Every structure is written in structure tokens, then in C-alpha cells.
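Inspection log for the structure reproduced underneath, given as C-alpha cells.
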Amino acid sequence: MRLDVRHAMPGRLRLHIPELKSRAALADSAVAWLQRQEGVTSARYNANCASLVVTYDRAREPALRLLLGRLQVASLDDLEALAGAM
């Protein structure tokens with residue numbers, strides 16, 4: 001899955017995931033899954049620019065980096081299984 005960090009600052013990331021633009025249900029499931037991750041304080045999806053905005057506890061940044069690494073090598077099917085999307 002193509003995942004690009006479009007903007008990063010301590011405590012906030014904007015991730016561009018073009019494949020989600022045509023998969024609204026999967027985008028919603030991905031947001032719900034992200035919100036359940038330890039250290040993530042909020043997540044939202046912007047369909048207009050196909051991006052996920054994630055805010056997180058800066059003390060948990062190493063765990064977030066591991067999570068992003070996992071997402072970068074995931075396929076859309078992997079993300080669907082991970083998020084529990086239908």
C-alpha cells in the first residue's frame with residue numbers, strides 16, 4: 001500500500017493513502033482502528049485529499065513509528081483484516 005507522510009510535526013502526522021479514496025468503508029474502519037491504538041489521541045480521514053490525520057502522545061512516538069512501518073508494508077487486504085472492515 002502506498003503511504004506517504006505529507007506533513008509531520010511532533011504529535012501530529014498527515015498520511016496520504018490514495019487507495020483509500022475509493023474505499024470509504026475501509027477508510028472509516030482504519031480511522032476507528034487507529035483511534036484504538038495506544039498513544040493515538042485522535043484520527044480522522046479527509047476524503048478530498050485521501051489523507052489520514054493522526055494526533056498522538058509524543059511520549060509514544062517510537063510505538064507510532066513501528067505502527068507506521070507496519071502500515072507501509074501492508075496491502076489493502078492486510079489493512080482491511082487489521083481494521084476489521086467488511
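The values are calculated or read from the model by the stated rules, or taken from the named source; none is laboratory data. Being a predicted model, the structure only gives us computed values, none of them experimental. Note that each Cβ is placed from the backbone with ideal geometry, even for glycine, and that neighbours are counted across all protein chains shown. When the accessible area is computed, the model is the full protein with side chains, heavy atoms only, and any ligands, DNA or RNA have been set aside. Shrake-Rupley method; radii C 1.70, N 1.55, O 1.52, S 1.80 Å.
Highlighted here are the strands (runs of 3 or more DSSP E) found entirely within the chain that include at least 2 residues which are open to solvent by less than 50 Å² (accessible area, probe 1.4 Å): 12-16, 40-46, 51-56.
Rundown of residues vs (1) within 13 Å of the chain's Cα centre (by Cα); (2) in contact (Cβ under 8 Å) with a residue 60 or more places away in the chain, yes/no style:
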{"site": "ARG36", "(1), (2)": "yes, no"}
{"site": "SER42", "(1), (2)": "yes, no"}
{"site": "SER51", "(1), (2)": "yes, no"}
{"site": "PRO62", "(1), (2)": "no, no"}
{"site": "ALA74", "(1), (2)": "yes, yes"}
{"site": "ASP77", "(1), (2)": "no, no"}
{"site": "ALA81", "(1), (2)": "no, no"}
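Checked across segment 1-13, the condition of being closer than 20 Å to GLY84 by Cα and at pLDDT 95 or above holds for no residue.
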